[in-house]
Amino acid sequence: MDRPSHGVQLLGSVLAALAIAAVAIALVTAHFGPTSIAERELEEQRLEQREETLEERRELREERLEQGR
Amino acid sequence: MTDTLEQLIEDVTRGNVTEVKVVLATVVMALAVYQLLLAAVGYGWLRVPFLASAPALWTHRASGDTIAILVVVVALMCVGYYGFELGDDGGTHAVVAIGLLGVLAAKVLVVRVGGRLGRLLPLLGVSLLVLLGITWWTSAAGFLGIA
């Protein structure tokens, strides 16, 4: 089997290195998943917002109940 | 100064310091294994029909430069953010990492100087791979739930 040209060998070996790096990044990132600090902060913000909305609704309901009495 | 570096690391990684460090360390580890294969082809210990010695050594050098930069970046992140401690938990990691940086510096020096010292390159390269492996295992592997 004839070897590819020098340039093709260079390009191929460099591309293989890039592919190895990309696979390593993808595997580790997938392992961490949505547990990054940014994601967690976003989730916390959503939770806080939901709690605030629930609290507001509860207060409104209590006000309405008091007005009805 | 330490606070500034700590803040910079946190800003650049958007608070995901450990995650970014583990990703970079794993990329270094994966490339280091590839380096071993390239060196084996380059020195003629391993013969493959699609890659000759010269391009293998060229890519070995280019990939090695990238690894050296990544190792320094990870080390700076590690010491700059987590500090330096030789306690029970991080003792092995810190000692092996210092050894790793020492061997890395020695290898860069040998490559630059060349000559008869070049005979040490395979030994230094294998030592680097082993030290990288231990450093990765004592830190990143734990975060990935492997160790």
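A few comments on the model shown:
- Scanning the range B:72-97 for residues that are farther than 19 Å from B:VAL23 by Cα and surrounded by fewer than 15 Cβ atoms within 10 Å (Cβ to Cβ) yields a count of 9.
- Residues (more than 12 Å from the chain's Cα centre (by Cα) and farther than 15 Å from B:ALA40 by Cα) located in the range B:117-140: B:LEU117, B:GLY118, B:TRP137, B:THR138, B:SER139, B:ALA140
- When B:ALA54 is tested against (1) in contact with a helix residue (DSSP H, G or I) (Cβ under 6 Å, 6 or more places away or on another chain); (2) surrounded by fewer than 15 Cβ atoms within 10 Å (Cβ to Cβ); (3) at the interface with another protein chain (Cβ under 9 Å from one of its Cβ atoms), only condition (1) is not met.
Let's see how each residue does on (1) under 20 Å from B:LEU31 (Cβ atoms); (2) within 13 Å of chain A (Cβ to nearest Cβ); (3) modelled with pLDDT of 95 or more:
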{"position": "B:TYR43", "(1), (2), (3)": "yes, no, no"}
{"position": "B:PRO49", "(1), (2), (3)": "no, yes, no"}
{"position": "B:THR59", "(1), (2), (3)": "yes, yes, yes"}
{"position": "B:LEU76", "(1), (2), (3)": "yes, no, no"}
{"position": "B:GLU85", "(1), (2), (3)": "no, no, no"}
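- Pair list, Cβ under 9 Å, 6 or more apart: the range B:9-33 residue more than 9 Å from every other protein chain (Cβ to nearest Cβ) and under 19 Å from B:ALA68 (Cα atoms), other residue surrounded by fewer than 19 Cβ atoms within 10 Å (Cβ to Cβ) and of a type in the set (Lys, Arg): B:VAL20/B:ARG14
- The range A:36-48, residues that are more than 8 Å from chain B (Cβ to nearest Cβ) and either modelled with pLDDT under 80 or surrounded by 12 or more Cβ atoms within 10 Å (Cβ to Cβ) (or both): A:GLU39, A:ARG40, A:LEU42, A:GLU43
- Residues of the range A:12-34 classified as within 15 Å of B:ILE67 (Cβ to Cβ) and more than 9 Å from chain B (Cβ to nearest Cβ), total: 1
Each row is one residue, and each column tells you yes or no for (1) free of Cβ contacts under 8 Å to residues at least 40 places away in the same chain; (2) touching a Ser or Thr at 6+ places or on another chain (Cβ under 6 Å).
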{"residue": "B:ALA94", "(1), (2)": "yes, no"}
{"residue": "B:LEU100", "(1), (2)": "yes, yes"}
{"residue": "B:LEU120", "(1), (2)": "yes, no"}
{"residue": "B:SER139", "(1), (2)": "no, no"}
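- Only one of B:THR59, B:THR92 that is over 21 Å from A:VAL14 (Cβ atoms) and among the polar types (S, T, N, Q): B:THR92
The values are calculated or read from the model by the stated rules, or taken from the named source; none is laboratory data. These numbers come from a predicted model, not from an experiment. With ideal geometry, Cβ positions are generated from the backbone for all residues, glycine too; neighbour counts draw on all protein chains shown.
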